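**Student:** Below you'll find the structure I mean.
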Amino acid sequence: MNYNKIDVLTVNTIRALSADAVQKANSGHPGLPLGAAPMAYALWTNMRHSGKNPQWHDRDRFVLSAGHGSMLVYSLLHLFGYEVSLEDIKDFRQLGSITPGHPEYGHTKGIETTTGPLGQGVANAVGMAIAESFMADKFNRPGFEISDHYTFVIAGDGCLMEGISSEASSLAGTLGLGKLIMLYDSNRISIEGSTDLAFTEDVAARYRAYGWHVDDVSDGNDLNAIAAAIESAKKESEKPSLIIVRTEIGYGCPAKQGSASAHGEPLGTDNVRALKENLGLDPDSHFNIPKQVYEHMKIWIEKGMKAESDWNNLLESYSAAYPDLFNEYIKWHERDISETLKDLLIPEGYDKPVSTREASGSILNRLSATVGNLIGGSADLAPSNKTFMKNMGEFSASSRSGRNLHFGVREHAMASVTNGIYLHGGLRPYCGTFLVFSDYMKGAMRLSAIMGIPVTYVLTHDSIGVGEDGPTHQPVEHLSSLRSIPNMTVFRPADAKETAAGWYHALTCKDSPTSLILTRQNLPVFKESSDEALKGGYVLRDSDKEKPDIILMASGSEVELIYSAYDSLRELGIDPRVVSIPSFELFDAQEDEYREKVLPSDVRRRIAVEASNSSEWYKYIGLDGKFIQMEGFGASGKAPDLFRHFGFTVENVVEVAVRMINS
Ligand SMILES: Cc1ncc(C[n+]2csc(CCOP(=O)(O)OP(=O)(O)O)c2C)c(N)n1
Ligand SMILES: [Mg+2]
């Protein structure tokens, strides 16, 4: 392809449009769109995508990892025929607009993932590329390549400085994700000034060392050179590709070009004028898209529509040639699998004491046969997290059919890659590590919650019950931290049956991620526990009286304590109720009437027990209640000794209860 004058005019139109929008909003980041407009245009004109149907399964994926440059994408979406109007662009960054400050998944059609926290997009893209190759292996047949697309990402200096991109890129190299192509907007400027201040490594050498194909485009305005680099990256099928594009931040704006001041503030009206004059555009018109540009864009829009309709035809003939596979393909894209999972709720074989991680592992293995698109793994802790699906193969550079992923010791990238796998579509991903290391992946977990995507986090070794490994490995504040993330369902089951309920919730929930919080140590299986756990909280053992003398509540391993305290208290003539609360979020979502039934407001004597410092319990125990909790960090020792040492004993629960009754 040879670009010519009209393409340059289109690129400059993107620049002016982006600058105008930032100026009008009086907020935003003009520098990146001005510098990266040519690479983005060269890329979008080489992608298979269609604004008329941004959901088409086999479209090329595009991620702007440097999410602060959002105006670049909104300009592209508008010109490429997506549902972003000029009015929407004039509303850039305004409340309720579809053009928010950073690109938001599920908010603006055509945005594949939410970006802004730098580096996340790189890892998301790795996940998308994993998903693509897995789907291709599963569904493609000779002549019917129904999964055959690229994943493109534009990353900035900041993205490549962040550790998450190193983790994810290293993994991508090992996995040989040949259809992953990253364009690096190398303007060597970030907020504080030149990247020489803090980032002097040889990025090309670094990526070569990861096993990537690396190319360099020395002139970021050279559309043909960029397109040629994209072409050769596409031909490289065994390695992911990095195209380092030398750009200038704020390109075209004489007072700002090449300077950090172009990064994150409006150029100023005079500078916007100067920019337009410099680019040969009319300085007096704003949000102006020349007619010939709209006319020209029709070529690309029609090309995209044709690509989509070709694929639709391919899928149709595939459905005739491979009806079973086709049906499975459709099924994998369905959101609701509650019917398929019904059996999971039938408690069978759960009788002997077992750790909830072990229970989770066996449930997962049962599920793996029924839910063919369940895929996941751990950050090098599968034997401990019990996240391995037996006989389901291991995903690698040489085997794309494996459903077990080895993320390596890379929690942050793992969570973000898992987001990417889900965002791609077709798959139900999970990932696991120790609860204590959820801190290492929090940035990505928060994004799962913001995006409202149902990925599953398997977080084991959930308390001082870890034992000898000591305080570094014993989570204390983590439950509170995860519970504080809006739209994250935290589920800490008390036994194997509740663990099944947790998995059921995780896989049937459509719009939020779930963190399953599991023990290392064995727990009894209560005869009263059930799928009532799906209500988040329920009465496990009740008092004989209509109004119990006291309510004991707990989650996870501490339910065992209140369960036994129940017997001791009854011997003392006290009539308690025992409430298991595996999930605050699910319990809070119940009708008031139900919650009142479980926790009647006129029973003010309440005790919560949890080996954490999650003060969220106070909303259930109130000011008159008592929380038996961890006050500081744990210690190294045998788990039973630790529980005793920190006051997690039946005797202590009974003592606190008696004191409360007598007070
Ligand atoms: C994880 C994270 N840390 C910090 C920021 C704040 N931030 C936004 S852009 C930016 C600098 C990015 O530099 P670069 O990627 O080179 O973008 P450019 O200035 O070239 O547009 C920073 C620090 C962020 N968005 N995400
Ligand atoms: Mg930069």
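The values are calculated or read from the model by the stated rules, or taken from the named source; none is laboratory data. Computed from a prediction, not measured in an experiment: that's the story for all the values here. Don't worry about glycine lacking a Cβ; one is built from the backbone with ideal geometry, like all the others, and counts go over all protein chains shown. The protein model used for the area step is the full one, side chains on, heavy atoms only, and it has no ligands, DNA or RNA in it. Shrake-Rupley method; radii C 1.70, N 1.55, O 1.52, S 1.80 Å.
**Student:** Within the stretch 248-272, count every residue that is within 13 Å of ligand 1 (Cβ to nearest atom) and open to solvent by 10 Å² or more (accessible area, probe 1.4 Å).
**Tutor:** 11
**Student:** Please work out which one of (1) in a loop (DSSP other than H, G, I, E, B); (2) more than 22 Å from Ala359 (Cα to Cα); (3) open to solvent by less than 50 Å² (accessible area, probe 1.4 Å) is the condition Ala611 fails and give its number.
**Tutor:** In the conditions (1) in a loop (DSSP other than H, G, I, E, B); (2) more than 22 Å from Ala359 (Cα to Cα); (3) open to solvent by less than 50 Å² (accessible area, probe 1.4 Å), Ala611 misses (2) alone.
**Student:** Restricting to helices (runs of 4 or more DSSP H) lying wholly in the stretch 1-91: which have 2 or more residues that are within 16 Å of ligand 2 (Cβ to nearest atom) and in the same structural domain as Pro117 (by TED's automatic domain parsing)? Spell out the reasoning first.
**Tutor:** Working: elements: 5-25, 31-44, 70-79, 86-90.
Hits in the stretch 1-91: 31-44, 70-79.
**Student:** Enumerate the strands (runs of 3 or more DSSP E) found wholly within the stretch 403-487, keeping only those where 3 or more residues are buried (at least 24 other Cβ atoms within 10 Å of the Cβ).
**Tutor:** On the way: elements: 404-406, 428-434, 456-460.
The qualifying strands (runs of 3 or more DSSP E) are 428-434, 456-460.
**Student:** So which residues in the stretch 537-585 are under 11 Å from Val598 (Cα atoms), in a loop (DSSP other than H, G, I, E, B) and among the aliphatic types (A, V, I, L, M)?
**Tutor:** Listed by number, the list holds a single entry, Ile581.
**Student:** May I pose another question? I'd like the full set of residues that are over 11 Å from Ile181 (Cα atoms) and touching a strand residue (DSSP E or B) at 6+ places or on another chain (Cβ under 8 Å), limited to the stretch 216-243.
**Tutor:** Within the stretch 216-243, Asp216, Val217, Ser218, Asp219, Gly220, Ala225, Ile226 meet the criteria.
**Student:** Return the total of residues in the stretch 186-205 being more than 14 Å from ligand 1 (Cβ to nearest atom) and closer than 18 Å to Val153 by Cα.
**Tutor:** Qualifying residue count, the stretch 186-205: 1.
**Student:** All but one of (1) of a type in the set (D, E, K, R); (2) touching a residue at least 12 places away in the same chain (Cβ under 8 Å); (3) closer than 21 Å to Glu265 by Cα hold for Asp58; which doesn't?
**Tutor:** All conditions are met except number (3).
**Student:** Separate question: For the stretch 586-605, which residues satisfy the criterion of being assigned to a loop (DSSP other than H, G, I, E, B) and open to solvent by less than 10 Å² (accessible area, probe 1.4 Å)?
**Tutor:** Once the filter is applied, which keeps residues that are assigned to a loop (DSSP other than H, G, I, E, B) and open to solvent by less than 10 Å² (accessible area, probe 1.4 Å), the stretch 586-605 yields only Val603.
**Student:** Would you point out which residue out of Thr115, Thr108, Thr99 is within 16 Å of ligand 2 (Cβ to nearest atom), assigned by TED's automatic domain parsing to the domain that holds Asp222 and assigned to a loop (DSSP other than H, G, I, E, B)?
**Tutor:** Working: Thr108 fails: within 16 Å of ligand 2 (Cβ to nearest atom); Thr99 fails: within 16 Å of ligand 2 (Cβ to nearest atom).
On inspection, the qualifying residue turns out to be Thr115.
**Student:** Let me ask something else about it. For residues that are away from ligand 2 (no atom under 16 Å from the Cβ) and of a type in the set (Lys, Arg), tally how many sit in the stretch 180-231.
**Tutor:** 2
**Student:** Another one. Out of the helices (runs of 4 or more DSSP H) lying entirely within the stretch 282-382, which hold 3 or more residues that are open to solvent by less than 20 Å² (accessible area, probe 1.4 Å)?
**Tutor:** 291-321, 356-370
**Student:** Sticking with this one: Look at Leu32 and say whether it is under 23 Å from Ala155 (Cα atoms) and in contact (Cβ under 8 Å) with a residue 60 or more places away in the chain.
**Tutor:** Criteria met by Leu32.
**Student:** Looking at the stretch 566-585, is at least one residue closer than 24 Å to Pro486 by Cβ, outside the structural domain of Ser463 (by TED's automatic domain parsing) and open to solvent by 20 Å² or more (accessible area, probe 1.4 Å)?
**Tutor:** The answer is yes, given that some residue of the stretch 566-585 is closer than 24 Å to Pro486 by Cβ, outside the structural domain of Ser463 (by TED's automatic domain parsing) and open to solvent by 20 Å² or more (accessible area, probe 1.4 Å).
**Student:** Scan the stretch 166-185 for residues that are buried (at least 23 other Cβ atoms within 10 Å of the Cβ) and hydroxyl-bearing (Ser, Thr, Tyr) and jot them down.
**Tutor:** Passing the criteria: Ser169, Tyr184.
**Student:** Can we say Asp137 is at pLDDT 95 or above, surrounded by fewer than 19 Cβ atoms within 10 Å (Cβ to Cβ), away from ligand 1 (no atom under 13 Å from the Cβ) and closer than 28 Å to Asp380 by Cβ?
**Tutor:** The answer is yes for Asp137.
**Student:** OK, next. Does the stretch 66-86 contain any residue that is under 23 Å from the mean Cα position of the chain (by Cα), under 22 Å from Lys179 (Cβ atoms) and within 13 Å of ligand 1 (Cβ to nearest atom)?
**Tutor:** Yes, the stretch 66-86 contains a residue that is under 23 Å from the mean Cα position of the chain (by Cα), under 22 Å from Lys179 (Cβ atoms) and within 13 Å of ligand 1 (Cβ to nearest atom).
**Student:** Tyr3 - would you say it is under 27 Å from Arg188 (Cβ atoms), aromatic (Phe, Trp, Tyr) and surrounded by fewer than 24 Cβ atoms within 10 Å (Cβ to Cβ)? Before the answer, list the steps.
**Tutor:** Working: under 27 Å from Arg188 (Cβ atoms): yes; aromatic (Phe, Trp, Tyr): yes; surrounded by fewer than 24 Cβ atoms within 10 Å (Cβ to Cβ): yes.
Spelling it out, Tyr3 is indeed under 27 Å from Arg188 (Cβ atoms), aromatic (Phe, Trp, Tyr) and surrounded by fewer than 24 Cβ atoms within 10 Å (Cβ to Cβ).
**Student:** Considering only the stretch 632-663, state which residues are within 16 Å of Arg606 (Cβ to Cβ) and in contact (Cβ under 8 Å) with a residue 40 or more places away in the chain.
**Tutor:** Across the stretch 632-663, the qualifying residues are Val653, Val654, Val656, Ala657, Val658, Met660, Ile661.
**Student:** Okay, moving on. Looking at the stretch 145-165, which of the residues that are assigned to a loop (DSSP other than H, G, I, E, B) and open to solvent by 10 Å² or more (accessible area, probe 1.4 Å) is farthest from ligand 2 (Cβ to nearest atom)?
**Tutor:** Applying the filter and picking the extreme gives Glu145.
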